[in-house]
1. Identify, from the list 253, 183, the residue that is within 21 Å of residue 277 (Cα to Cα) and either in the same structural domain as residue 443 (by TED's automatic domain parsing) or of a type in the set (A, V, I, L, M, F, W, C) (or both).
2. For the stretch 366-381, how many residues are of a type outside the set (S, T, N, Q), within 16 Å of the ligand (Cβ to nearest atom) and on the phi < 0 side of the Ramachandran plot?
3. Any residue at all in the stretch 324-332 that's within 15 Å of the ligand (Cβ to nearest atom) and either within 22 Å of residue 37 (Cβ to Cβ) or part of a helix (DSSP H, G or I) (or both)?
4. Got a number for residues in the stretch 248-279 being closer than 22 Å to residue 222 by Cα and in a helix (DSSP H, G or I)?
5. Do the conditions hold for residue 429, that is, is it more than 16 Å from the ligand (Cβ to nearest atom) and over 23 Å from residue 315 (Cα atoms)?
6. Does at least one position in the stretch 290-304 carry a residue that is surrounded by 20 or more Cβ atoms within 10 Å (Cβ to Cβ), among the β-branched types (Val, Ile, Thr) and over 30 Å from residue 69 (Cα atoms)?
7. Go through (1) surrounded by fewer than 16 Cβ atoms within 10 Å (Cβ to Cβ); (2) over 32 Å from the mean Cα position of the chain (by Cα); (3) at pLDDT 95 or above and name the single condition residue 74 misses.
8. For the stretch 336-365, what are the residues that are of a type in the set (A, V, I, L, M), in contact with a helix residue (DSSP H, G or I) (Cβ under 8 Å, 6 or more places away or on another chain) and within 16 Å of the ligand (Cβ to nearest atom)?
Amino acid sequence: MFKQNHMRQSLFLLILIIGSCTSKHELALKSFNNNDLAKDLIVLSADSLQGRAPFTVGETRTVAYLEKRMKEIGLEPAFDGKFTQGVPMVELTSHIPDKFIIQTPKGEISLKSGDEYTAWCSILQEEIKLNSSEIVFAGFGISAPDKGWDDFKGIDVKGKTIIVLVNDPDYYSGDTTLFNGKAMTYQGRWRYKFEEAERQGAAACFVVHEEGSAGYPWTVSSLRTNKADYNIDDDRLLNPKCLITGWITKDAAIKLFSSCNMDYETMKGKASVKGFHSVDMNAKYSIGINNKWVKSISSNVAGFIKGSERPDEVIVFCAHWDHLGIGPAVNGDSIYSGASDNAAAMSWMLSIAKAFKTGKAPKRSVLFFSPTAEEAGLLGSTYFVDNSPFDMSKTVACINNDVILFLGKFKDVTVTGYGHSELDNYIVDEAKKQGRYVCADPNPENGMFFRSDQLPFLKAGVPAIFAKGYSEQVELGKEKTQQKIDEYWRTIYHKQCDNFYPETDNLDGLCEDAKLFYSIGNRLANESSFPKWNKQSEFYVNR
Ligand SMILES: [Zn+2]
């Protein structure tokens, strides 16, 4: 009798527990709504935030708002009792010569600053001089022993200048086995090229710009000419080996190669095939560059929910707060409001934080992180990864979002960086529950996976998700969706008109994506395993 009663009681208790879990999860999902998303979006893209540039009143107001919202939601401060982490930065301007003169076997050639070349010196030194620096064509500037590829084999580039191609060999060779085919690998990014040049001890590194293989036009690269640029204020700025980094145009490269008795396209072809050896171009140049800088401190913002069972393990949700500030007026608008980039993702993140507080307390910690200076080169997130309150080896995953359009619901979830880790399976499972399909980024050659705040996490061995509805809006269909998205990149992205219009913009997709990533995060936060890297990923570590 007692036994039977006990069993009945246990069963009742079990149903009660399961029931309360489900309803808690349902409550959490119900907490998402367009109104709340719009409220945060309106504030975060308002003119009063002046385009959210670091070190301005825009920063003060944005950071204060995020902190206020995190407190309201009930998050704990992530940095020793504070919601903010000071990020020491240097605003550095390199003044480069109008003409970059190179001595070649066929005589002197000259490249015009801004039009044909751009350069900068990330070093705290007022005058930087290179004398008679020899130029080496170093192919793609890649050293990847795991792939049996080394552009620096048999050549010492210490103290020399290397000219390298953007993207990776598969882009040109049509091979799909070495560098992930058409998709850009991290070794294809300019950032990697400069890092490798530093490791090889080269004194300077210039990347040849081609629009197709870079993924953006020359104007994006040349924008930096004689302009202030932000850097993290650390030892890397004191004594770099690679003093000068920059770009030259494809036409400038053709001119330089031809003057060195080489054909640019032929050399590119050779560099795209395994076994290529870097070539001394028999050219040299001297250059003088002047630096000016100002030091200031900006802030990362983060709050978290402490895990109930494994508080030192953490899932990171990420959405950068900074944008481009104020510029010249276009159609009467001078403020870069950055509504899609990135007020939308901040609202997305805050709504997920609220859902986590509504649902059952997670077993692992969940961090809601809004870095500074993403637009300046992922500086806030880079600093955070080096100075995180959580151990990177216990950081389970980073779920980042950036540039979310207000087009309504999508049939798809487009995953940028598909194929890197087991996190893909989580997206597939949860997308299915929403009746959506998963597809890979249709333009992986643009290297978008390496162009937002997930990159420092990837480099620290933490798998990341960068995904959203992007390919097939429910009413528009694929083709028209693509047109809308192309239009955004062409006419709105990083322009003053990236605004939020509450009357006409449709937040259904943003809301759906917030639910999706809450569900993925919630699963990760209650598991004990760590999602694994796929072996072919260039970020692979065994974890
Ligand atoms: Zn952004």
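1. None of the other options fit; the residue is 253.
2. Matching residues across the stretch 366-381 total 7.
3. Residues of the stretch 324-332 within 15 Å of the ligand (Cβ to nearest atom): 324-325.
Then drop every residue that is not either within 22 Å of residue 37 (Cβ to Cβ) or part of a helix (DSSP H, G or I) (or both), which leaves none.
No - not one qualifying residue is present in the stretch 324-332.
4. First, pick out the residues of the stretch 248-279 that are closer than 22 Å to residue 222 by Cα: 248-257, 264.
In the following step, the residues that additionally are in a helix (DSSP H, G or I) were identified as 250-257, 264.
Of the residues in that region, 9 qualify.
5. Values: more than 16 Å from the ligand (Cβ to nearest atom): yes; over 23 Å from residue 315 (Cα atoms): no.
No: the conditions fail for residue 429.
6. No: the stretch 290-304 contains no residue that is surrounded by 20 or more Cβ atoms within 10 Å (Cβ to Cβ), among the β-branched types (Val, Ile, Thr) and over 30 Å from residue 69 (Cα atoms).
7. (2)
8. Filtering the stretch 336-365 for residues of a type in the set (A, V, I, L, M) gives 339, 343-346, 349-350, 352-353, 355, 361.
Subset that is in contact with a helix residue (DSSP H, G or I) (Cβ under 8 Å, 6 or more places away or on another chain): 339, 343-344, 346, 350, 352-353, 355.
339, 343, 344, 346, listed by residue number.
The values are calculated or read from the model by the stated rules, or taken from the named source; none is laboratory data. Computed from a predicted model, the values in this text were never measured in an experiment. Positions of Cβ are backbone-derived with ideal geometry, glycine not excepted, and every protein chain shown enters the neighbour counts.
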